[in-house]
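> So that we are looking at the same thing, I have put the structure below in structure tokens.
The values are calculated or read from the model by the stated rules, or taken from the named source; none is laboratory data. Small disclaimer: the values here were computed from a predicted structure and weren't measured. Cβ placement follows ideal geometry from the backbone for every residue including glycine, while neighbour counts extend to all protein chains displayed. The accessibility values were calculated without ligands, DNA or RNA, using every heavy atom of the protein model including side chains. Shrake-Rupley method; radii C 1.70, N 1.55, O 1.52, S 1.80 Å.
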Amino acid sequence: QQKVQQSPESLIVPEGAMTSLNCTFSDSASQYFAWYRQHSGKAPKALMSIFSNGEKEEGRFTIHLNKASLHFSLHIRDSQPSDSALYLCAVSMWSGTYQRFGTGTKLQVVP
Amino acid sequence: NSKVIQTPRYLVKGQGQKAKMRCIPEKGHPVVFWYQQNKNNEFKFLINFQNQEVLQQIDMTEKRFSAECPSNSPCSLEIQSSEAGDSALYLCASSLPGHSNTGQLYFGEGSKLTVL
């Protein structure tokens, strides 16, 4: 069964820093890779997603996928206090009907 | 602001009681999911629908849990006999047609269940 794991569990970074979040998955047949962000007490919200190996950038956010390493990551440039939230990665399979989530990285950006 | 509407936001039940939660998916989204997020932030997939039909559900939902998405009515998730371990945030999400596993999920803010 697919296992999705995130690291680190929590992270504190200063405002303006680069933040890097990691997600590993266990099944090489995975096809869709996404990051969501959940502010405290709020709905999770999709940030970015990717299908193919490589990088994709949207504003301050970059997603990087390496299927051979069973790993993808989210990088946040110029981190802001408003980025403080729980970050969740999600993976789905070619044959599946739903996304499996990791248990999240709690990010705190301090001024 | 989330356009997936979940009610109630909070519910408190005693062990053995029924708990029912409702979800109105985003307009035009025929695929609806229910996930359980526990206090350790573990997301457990429960069940999903495309229109009114079940796409997939886990074993847990086949016993005490039931769910439906009737036409022209809110979707619902019901726990027949609540247990302490059911205390969690129940999240409903919806997505576009054909995107049950490869598209952006739009989540509601959840129904937080506490079982005393």
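> Before I look further, what does chain B give for accessible area per residue, probe 1.4 Å, in whole square angstrom?
On a per-residue basis, chain B sits at 50 Å².
> Taking a probe of 1.4 Å, how large is the accessible area per residue of the stretch A:1-73, in Å²?
52 Å²
> For the stretch A:13-44, state which residues have at least 10 Å² less accessible area in the presence of all protein chains than in their chain by itself, taking the probe as 1.4 Å and leaving out ligands, DNA and RNA.
A:Gln31, A:Tyr32, A:Tyr36, A:Gln38, A:Gly41, A:Lys42, A:Ala43, A:Pro44
> Mind listing which chymotrypsin sites (Phe, Trp or Tyr not before Pro) in the stretch A:1-53 are in a DSSP loop and have 16 or fewer other Cβ atoms within 10 Å?
A:Phe51
> Which of A:Ser84, A:Ser52, A:Ser73 ends up with the largest GNM mean-square fluctuation for chain A, with Cα atoms connected below 10 Å?
Looking only at A:Ser84, A:Ser52, A:Ser73, the biggest GNM fluctuation is shown by A:Ser52.
> Test of the criteria: in the stretch B:45-116, which trypsin sites (Lys or Arg not before Pro) are in a DSSP loop and have at most 11 other Cβ atoms within 10 angstrom of their Cβ?
B:Lys63
> Further, regarding this structure: With the full set of protein chains in place, find how many percent of the accessible area of the protein assembly as shown is carbon and sulfur; take the probe as 1.4 Å.
The C+S portion of the solvent-accessible surface of the protein assembly as shown is 47 percent.
> Compute log10 of I(q)/I(0) for chain B with the Debye formula, placing one identical point scatterer on every Cα and leaving out solvent, at q = 0.10, 0.22, 0.23 Å⁻¹, to two decimals.
Here the Debye-derived log intensity ratios amount to -0.26, -1.27, -1.38.
> To the nearest 20 Debye, how big is the dipole of the stretch A:39-81 about its Cα centre, given +1 on the beta carbon of each Lys and Arg and -1 on that of each Asp and Glu?
My answer is approximately 160 debye.
> By the gyration tensor of its Cα atoms, with a ≥ b ≥ c the square roots of the eigenvalues, what is the shape of chain A: rounded for a/c under 1.5, prolate for a/b over b/c, or oblate?
prolate
> Under the definition of Cα pairs under 8 Å and six or more residues apart, what whole-number percent is the relative contact order of chain B?
38 percent
> Then there's this: Which of A:Lys42, A:Lys67, A:Lys56 ends up with the largest GNM mean-square fluctuation for chain A, with Cα atoms connected below 10 Å?
So, out of A:Lys42, A:Lys67, A:Lys56, the one fluctuating most is A:Lys42.
> Another one. Please give the residues from the stretch A:68-105 for which the solvent-accessible area of heavy atoms, probe 1.4 Å, is smaller by at least 30 Å² with all protein chains in place than with the chain isolated.
Flagged in the stretch A:68-105: A:Thr97, A:Tyr98, A:Gln99, A:Phe101, A:Thr103.
> Return the value, in Å² to the nearest 100, of accessible area buried between chains A and B (probe 1.4 Å, both sides summed).
1800 Å²
> Could you give me the ³J(HN,Hα) list for the stretch B:40-55, computed from phi with Karplus coefficients 6.51, -1.76, 1.60 and θ = phi - 60°, whole Hz, x at Gly and Pro?
With the stated coefficients, the stretch B:40-55 comes to 8, 6, 7, 9, 10, 5, 10, 6, 9, 10, 10, 6, 9, 9, 6, 7 Hz.
> Considering every residue in B:82-94, what mean count of other chain Cβ atoms within 10 Å of its Cβ is obtained?
What the average comes to for B:82-94 is 1.
> Which lysines, if any, have their Cα less than 27 Å from the Cα of B:Lys44, not counting same-chain residues under 8 positions apart?
Those lysines meeting the cut-off are A:Lys3, A:Lys42, A:Lys45, A:Lys67, A:Lys106, B:Lys3, B:Lys13, B:Lys18, B:Lys20, B:Lys27, B:Lys63, B:Lys112.
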